[in-house]
Every structure is written in C-alpha cells, then in structure tokens.
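Coordinate-derived values only; no laboratory data. The model shown is predicted, which means the values in this text are computed figures rather than measured ones. All Cβ positions, glycine included, derive from the backbone under ideal geometry; neighbour counts span all protein chains shown.
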Amino acid sequence: MNLNISDSNFWKIFLIRDYSLLWFSSFTTMLSMQLRIIATGFILYEITGSGLSLGMLGIIQLFFQLPSILYGGVLADFFKRTTIIIISQSVGTTIIFILFYLTFNESINQWHIYIATALLSINSTIGGPARSALTANLVPKKLLINAVAANTATTQIGSVLAPILFGILTVSLGASYPLLIGSVVALISAITC
C-alpha cells in the first residue's frame, strides 16, 4: 500500500475527535518524556560529573522496563485503556514535578534521579500499550495505517522539539525549568486523553 501524506485521506484521521485528542495526548507525552530524559541526564552530570552515572540511567531504565513490559499489554486488555493512560500520565506528572521541586530547591541527589527513572520506566511500559491499543479502537480500519504513521511522526516530532525546548529553557531560566514544563505537559496529556 502506498501511503501518500499529501493524500487527503491521511489528514482525515484528525477529523476524528477522539483520535485527535489521543494524538495530542501522545505528542505531549513524548515531549514530556524527552524533556525529562534530557533534563535528568544533564542534572545528574552536573551533580556527579561522571559519565558512568549517566550510563547507570540507561541500565536502571532497562532493568525496570523489561519485566514490566510483560504486564503493560495485559493491563491494556483487562482495564479501560483511557483510565490506564490517565493514571499513568498523572503518576508521571507527579514524579516529574517532584524532580522539578527538588532541583529548583537545589536538594536533588543522584538517587532521586535513579528512583524517578525506575518509577517512570515502569510507568511508561504500563501506559504505552494502552495508548497504542486505543488507536485501533478509535480509527476506522481503512484509516488505521494513517493513524499509525501519525503516531510514529509524533515520536519524531517530540524527539526533535524536546532538545530545542530544553536548551532554551535551561539557558534562559535554569536546569530545573525543563522539568516544570515537562510536568505541565504531562498533566496536559492526562487531561486531553
């Protein structure tokens, strides 16, 4: 099948209100997650000055995501998907805001970042499958490939915009503010889903 983005069918998915809200929620989720990843790495390096401590973030994320991946899809099949998304985004909002608060008050330690990374890793593997599965419920089968393409573009857009936003916020306001914006964006994601 040839997917042509200029094709008017591609943009029809955004006329579906519930899908548009899900897409926007996914975009804000990705932006929040990318801001948090960049900010915690930056702050951790400021605290420790160690590249090894940055590597630990990846190890912690992998260690906690692998076992929880098994449960995310199962939960998405047994519980209302929007409820799972709202709860996971609310948990993410809270954790990121706590990181902002600790950073803003200059009381953050590396173990705060490690624990937050572990919790957010589990959280994302629980909310992610519900978000992916919900797309198929909201979009007609003939437009599903367009929805999947739009979802993939969301990831790319968030990955490009987050470093730009992080740089602007960090230079103009300080390293804690990307976390504040990340928590606000995560809250918007929870509300719009």
Problem - Percent RCO, i.e. relative contact order, over the chain, from Cα pairs under 8 Å lying at least 6 residues apart - result: 45 percent
Practice task
Output the peptides 170-183, 86-99 sorted from most to least packed, where packing is the average of other Cβ atoms within 10 Å over each peptide's residues.
Solution key: 86-99, 170-183
Problem - R0 of 22 Å, Cβ-Cβ distance Y45-T94: FRET efficiency to nearest 0.05 - result: 0.35
Exercise for the section: Compute the Rg to Rh ratio over region 1-108 from the alpha carbon atoms, using the Kirkwood formula for Rh, and round to two decimal places. Expected result: 1.08
Problem - Whole-number D in µm²/s for the chain (Stokes-Einstein; Kirkwood sum over Cα pairs; 4 °C, 1.567 mPa s) - result: 75 µm²/s
Practice task
Report, in whole Å, the centroid distance computed from the Cα atoms of region 124-193 and region 60-101.
Solution key: 14 Å
Fill in the blank from the handout: Checked region 48-118 against the a/c 1.5 cut and the a/b vs b/c comparison, axes a ≥ b ≥ c from its Cα gyration tensor; verdict oblate
Practice task
Using the Karplus curve 6.51 cos²θ - 1.76 cosθ + 1.60 with θ = phi - 60°, work out ³J(HN,Hα) for each residue of region 174-191 in order, rounded to whole Hz, and write x for Gly and Pro.
Solution key: x, 5, 7, 5, x, 6, 4, 5, x, 6, 5, 5, 5, 5, 4, 4, 5, 6
